[in-house]
Each structure stands twice: as structure tokens, then as C-alpha cells.
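**Student:** Below is the structure I would like to discuss, written out as C-alpha cells.
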């Protein structure tokens, strides 16, 4: 029998909500394939490949990186990739909205890394919350239903005994609040 909570947890690996959010925004606003390719590669594919590589080398124990102290080995090189994507988006694609979303994701990830050095939080719910907040902020009320995803993912993480309630709540709150705050501070006009 399929474990529904494990399936939800796997389905919403942090690389997936990132792909969902960027893809919806890019296609909704007709931004083109190159923009899609840059964000997909640097924000979803590359971090997942880094995770698999670190697993193969024995640096991280599993694809979900359950051990807090191992997360830095995947997050730091991922942040470097995000920086490359921002440079490409600013100078090659000249896309203000996507570069602001990329910067927001990078800032959020850096703050999550800083917290993770001392305390384990749910990156799954942080990314799911950031996805919902980004879609809502950029595209408007039609995307409110996406706010159902972070609690469902958080509950799955708790049921799978990967996180405590406070780790899930902190992750989700950080994802939503930082996304709204960063997009506002970066001058992106809200659709709401």
C-alpha cells in the first residue's frame, strides 16, 4: 500500500514547488522558453543533481537531507548556482520580475541556511510557502488555493517524523513572510 504522507513529502521535494512557481509565472506571463530553461536548470534541476551527487559521495545520507548538519553541503553550491542564474537573467534575459523572484529565492535560501546551522526547520514547507506567496503576490487572487499546499506538506513531514510542529510552522511562516517582504523591497508591484 502506498504511504500517502511519504508520497506527498516526496512529491513536494523543495525542487518541485520551485519548478511549479517559476513555470506558472513564466507561462502565465508568456516569458518564453529561455527564461523557463534558466530557472528550471538553476533552481530545480541543479540543486537536485547536487543532492544526488552528494548522496553518491556519502556526504548526505538521503535525498531529503534529514540530517540538519548535512544540509549546508547542498545549500551552499545551490546558492552559487542561483547567483549564476540571477546574472544570466539580469544581463542576458533582462527580466526584472524573474530576477527579483530569483533574488527572493536566493535570499530566502540564505536565511534558511543560516537558521539551519543552529536549528532544523522544514525546508519543504518554507519552499511550498514561498511558492504560494510568490504566485499570489505576482499573479493575484486566482492563486489563493496554493496556500493549502504548505499545511498539507507540513502535516506530511510531521506524519513521516521528519519534523516537529514548530519546525514545520517556522519553515512555512518564513517562506511566506520572506517572499512577500523581499518582493516588496525589490520593487515588484503586487497583483493583489
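The values are calculated or read from the model by the stated rules, or taken from the named source; none is laboratory data. What you are looking at is a predicted structure, and each value in this text was computed from that prediction instead of being measured. A quick note on method: Cβ atoms are made from the backbone with ideal geometry, for glycine too, and the neighbour counts reach across all protein chains shown.
**Student:** May I ask you to list pairs of residues, at least six apart or on different chains, whose Cβ atoms are under 8 Å apart, with the first in the range 1-17 being at positive phi and the second being at pLDDT below 95?
**Tutor:** Short answer, once both residue conditions are applied: none.
**Student:** Quick one: which of 29, 19 is over 16 Å from the mean Cα position of the chain (by Cα) and within 15 Å of residue 134 (Cβ to Cβ)?
**Tutor:** Going through 29, 19 in turn, just one is over 16 Å from the mean Cα position of the chain (by Cα) and within 15 Å of residue 134 (Cβ to Cβ): 29.
**Student:** Shifting gears a bit: Return yes or no: is residue 23 at pLDDT 95 or above, closer than 29 Å to residue 164 by Cα and in a helix (DSSP H, G or I)?
**Tutor:** No: the conditions fail for residue 23.
**Student:** Looking only at the range 7-33, which residues are more than 15 Å from residue 97 (Cα to Cα) and either in contact with a strand residue (DSSP E or B) (Cβ under 6 Å, 6 or more places away or on another chain) or loosely packed, with under 14 Cβ neighbours inside 10 Å (or both)?
**Tutor:** 7, 11, 33
**Student:** Hey, another quick one. Could you list all residues from the range 81-98 that are crowded, with 21+ Cβ neighbours inside 10 Å and closer than 18 Å to residue 30 by Cα?
**Tutor:** 89, 95, 98, listed by residue number.
**Student:** Could you tell me whether the range 45-66 includes any residue that is surrounded by 14 or more Cβ atoms within 10 Å (Cβ to Cβ), on the phi > 0 side of the Ramachandran plot and without any contact (Cβ under 8 Å) to a residue 60 or more places away in the chain?
**Tutor:** Yes, the range 45-66 contains at least one residue that is surrounded by 14 or more Cβ atoms within 10 Å (Cβ to Cβ), on the phi > 0 side of the Ramachandran plot and without any contact (Cβ under 8 Å) to a residue 60 or more places away in the chain.
**Student:** What number of residues within the range 157-175 satisfy the criterion of being crowded, with 18+ Cβ neighbours inside 10 Å, outside any loop (DSSP other than H, G, I, E, B) and in contact (Cβ under 8 Å) with a residue 60 or more places away in the chain?
**Tutor:** Within the range 157-175, residues that are crowded, with 18+ Cβ neighbours inside 10 Å, outside any loop (DSSP other than H, G, I, E, B) and in contact (Cβ under 8 Å) with a residue 60 or more places away in the chain number 3.
**Student:** Could you grab me the full set of residues in the range 67-80 that are surrounded by fewer than 18 Cβ atoms within 10 Å (Cβ to Cβ) and not in a helix (DSSP H, G or I)?
**Tutor:** Correct list: 67 only.
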